[in-house]
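The values are calculated or read from the model by the stated rules, or taken from the named source; none is laboratory data. Model, not experiment: these values are computed from the prediction. Reconstructed Cβ throughout: ideal geometry from the backbone, glycine too, with neighbour counts over all protein chains shown.
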Amino acid sequence: MILKDLLITDDHIHIDTINGKGVEAAKDFKRAGGTHMFLVSKPAWSFGVIPKCGEDYREVFEITLKTADKVKEEGICVYTILGVHPAELSKLSEIMPLSRAEEIMKDGLSLAAKYVACKNAVALKSGRPHYPVADEIMESSNRILNHALALSKDNDCALQIHAETGPCRDIFDMAKNMNVNPLRVVKHFGTPDTPLTPSLIAKHEDIPAMAKAKRLFTMESDYMDDLTRPGSVIGPKSVPRFTRKLLESGAITIEDAIRIHKETPEKVYCTEMEN
């Protein structure tokens, strides 16, 4: 099965021109058959940024946008997703009061929303820790997540979330209570049991069954692009390679691939995706 006539979209990937392979990783994605990617901003600490105010996240977001421009030069369609990684709360609260850390992260998200408003990004990212934390950290994280949902509503954009493994049904309820369409809340590294839109890791064993049931979901690599962590998650070629294998084995159909890689992202991000 040749992928040249299909859109192949990685819904959550990092390309890092400072700490990783950078554009070479993007080239690997393209050579494997990848055509579109949602490039997600990395945590501030990835670039040595320790934010003292929300405005300090601008450096991270500008690096992401410049990286997107370099990847686009390789003939790849790139959509940027900007936000604040929920794990940053744990780090910041070690060096400042939790209330101040929460305020900085909310302000960072508000800054990211300005990029969305200016059409320099298509979605926000937020969430809560996927590891055990003290109750006060989780309560603060949920307040930050609520802020992100409010920004998503105000800017009519999607929200990708990092969170614990599982359905995250309470986040579905949070979205509904704020009049945010849960379809447009993407559970990064998702599982089939979530009522949100799951972005499934490309090697997920339930992709064929999900496709057969015509469930709406996307595929991702969560490629880190960090030379100090070469084995983290899976590589930039993964989404096109696994898609090819699924098609060649008959586990999914061409129609399934179009729904996964084009129709669902268009619905979630309200973005028209062209070949």
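Some observations on this one:
- All of (1) outside any loop (DSSP other than H, G, I, E, B); (2) under 14 Å from Lys203 (Cβ atoms); (3) small (Gly, Ala, Ser) hold for Ala251 with one exception: (1).
- Restricting the first member to region 1-14 and to residues that are under 15 Å from Asn275 (Cα atoms) and charged (D, E, K, R), and the second to residues that are buried (at least 24 other Cβ atoms within 10 Å of the Cβ) and at pLDDT 70 or above, the beta-carbon pairs closer than 6 Å and six or more apart or on different chains are Asp10/Met37; Asp10/Glu220; Asp10/Ser221; Asp10/Val239.
- Of all residue pairs spaced 6 or more apart or on separate chains, those with beta-carbon atoms under 6 Å, a first member in region 15-35 that is farther than 14 Å from Lys66 by Cα and modelled with pLDDT of 95 or more and a second member that is assigned to a helix (DSSP H, G or I) and of a type in the set (D, E, K, R) are Ala32/Arg241.
- Region 62-77, residues that are surrounded by fewer than 22 Cβ atoms within 10 Å (Cβ to Cβ) and in contact with a strand residue (DSSP E or B) (Cβ under 7 Å, 6 or more places away or on another chain): Leu65, Ala68, Lys72, Ile76, Cys77
- Condition check for Ala113: closer than 30 Å to Asn275 by Cα and assigned to a helix (DSSP H, G or I): yes
- Region 222-248, residues that are more than 29 Å from Asn155 (Cα to Cα), in contact (Cβ under 8 Å) with a residue 24 or more places away in the chain and not in a helix (DSSP H, G or I): Asp225, Asp226, Leu227, Thr228, Val233, Ile234, Gly235, Pro236, Lys237
- Looking only at region 36-72, and only at residues there that are free of Cβ contacts under 8 Å to residues at least 12 places away in the same chain and outside any helix (DSSP H, G or I), the one that is nearest to Glu103 (Cα to Cα): Val49
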